[in-house]
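The values are calculated or read from the model by the stated rules, or taken from the named source; none is laboratory data. From a predicted model like this one, the values you see are computed outputs, not experimental measurements. As a convention, Cβ positions derive from the backbone with ideal geometry for all residues, glycine included, and neighbour counts pool all protein chains shown.
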Amino acid sequence: MEQIGKTKNKYAFSAKINETLANALRRSVNRVPVITINELKISKNDSSLYDETVAHRIGLIPLKMEKSYKEGDSHKLKLKVKKAGMVYSGDIKGDAEVVYDKMPILLLHDGQEVDIEMTTKLGIGEEHAKFSPGLIFYREMYEITLSKKFAEQIKKTFPNNKIKEKGDKIIIIDDQINSLADYCEAICEKAGEKAELKETGELVFVVESFGQLEAREILEKAIDALEKDFKEFLKHLK
């Protein structure tokens, strides 16, 4: 496993594993628990949106995960606004904190009011999409061989890729987050040539977080969930 790139909400790495295991890891993201707003009591909603629409929007607002949160915990939140203008996620106050405070919820005009009480729940994405912490996707890593004349163009567009020269050809390993293979095929096709693609047996993974947890932490927890499933499976086999 080799790290390619890392930010708080995105983590990329390469690994030599088969696609069956990669897909199992991808699905395990929905076994990572996070908290979200689960129940609402709407006492007042003078906006033009139906209560159901407001509830749906609020339910998809990501909340920050704390290490102290555990199954069965319930936190109280409140949204009470009485002024004209856009009501944002940051107007929600209480025992938990929203990840992004500028997510628009509804619009109020003069004299209008919204008053909503909320409770949170710890859950997993298999139960409902609102509990999903993010996603993992992956693709094949290729060794690309093409004409040497494209070297400068590729260096300019993908400066972090290493290019190896071999006669009148160049060889590149497509190990970046954005697929270099598609780019090489496109410039070769435009010039009436072809790029030769060869599978390396490795996969490039990208983990993207919705903000509740850091991307690297989602990966680690997804691996833990997958390992737990394997142990449970082996137990039943015995």
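Report yes if some residue within the range 124-135 is outside any loop (DSSP other than H, G, I, E, B), over 30 Å from Q3 (Cα atoms) and either of a type in the set (A, V, I, L, M) or at pLDDT below 95 (or both); otherwise report no.
There is no residue in the range 124-135 that is outside any loop (DSSP other than H, G, I, E, B), over 30 Å from Q3 (Cα atoms) and either of a type in the set (A, V, I, L, M) or at pLDDT below 95 (or both).
Of everything in the range 9-23, what is in a helix (DSSP H, G or I) and surrounded by fewer than 16 Cβ atoms within 10 Å (Cβ to Cβ)? Give them in sequence order.
Going through the range 9-23, the residues in a helix (DSSP H, G or I) turn out to be 19-23.
Once the filter is applied, which keeps residues that are in a helix (DSSP H, G or I) and surrounded by fewer than 16 Cβ atoms within 10 Å (Cβ to Cβ), the range 9-23 yields E19, T20, L21, N23.
What residue, among those in the range 134-158 that are among the small types (G, A, S) and touching a residue at least 24 places away in the same chain (Cβ under 8 Å), is farthest from K190 (Cα to Cα)?
Checked the range 134-158; the qualifying residue farthest from K190 (Cα to Cα) is G134.
Residues of the range 214-228 being farther than 12 Å from R26 by Cα and in contact with a strand residue (DSSP E or B) (Cβ under 9 Å, 6 or more places away or on another chain), which ones?
E214, A215, R216, E217
Quick check on my filter: what residues within the range 24-55 are over 15 Å from V207 (Cβ atoms), in contact (Cβ under 8 Å) with a residue 24 or more places away in the chain, outside any strand (DSSP E or B) and polar (S, T, N, Q)?
S47, S48
Being surrounded by fewer than 12 Cβ atoms within 10 Å (Cβ to Cβ) and in contact (Cβ under 8 Å) with a residue 40 or more places away in the chain is the filter here; which residues of the range 71-101 pass it?
Answer for the range 71-101, where residues must be surrounded by fewer than 12 Cβ atoms within 10 Å (Cβ to Cβ) and in contact (Cβ under 8 Å) with a residue 40 or more places away in the chain: E71, G72.
Kindly list the number of the only condition in (1) surrounded by fewer than 19 Cβ atoms within 10 Å (Cβ to Cβ); (2) on the phi < 0 side of the Ramachandran plot; (3) over 16 Å from the mean Cα position of the chain (by Cα) that fails for R31.
(3)
In the range 134-191, which residue that is of a type in the set (S, T, Y) and over 19 Å from F205 (Cβ atoms) is surrounded by the most Cβ atoms within 10 Å (Cβ to Cβ)?
Y183
For the structure I just gave you, tell me whether K6 is under 23 Å from the mean Cα position of the chain (by Cα), surrounded by 12 or more Cβ atoms within 10 Å (Cβ to Cβ), in contact (Cβ under 8 Å) with a residue 24 or more places away in the chain and outside the structural domain of G123 (by TED's automatic domain parsing).
yes
Output yes when any residue across the range 164-181 is within 22 Å of T7 (Cα to Cα), part of a helix (DSSP H, G or I) and not charged (D, E, K, R), and no when none is.
So far as the range 164-181 goes, yes, one or more of its residues are within 22 Å of T7 (Cα to Cα), part of a helix (DSSP H, G or I) and not charged (D, E, K, R).
Select from the range 74-101 the residues that are of a type in the set (D, E) and either closer than 12 Å to I58 by Cβ or out of contact with any Gly (no Cβ under 8 Å at 6 or more places or on another chain) (or both) and list them in ascending order.
D91, D95, E97
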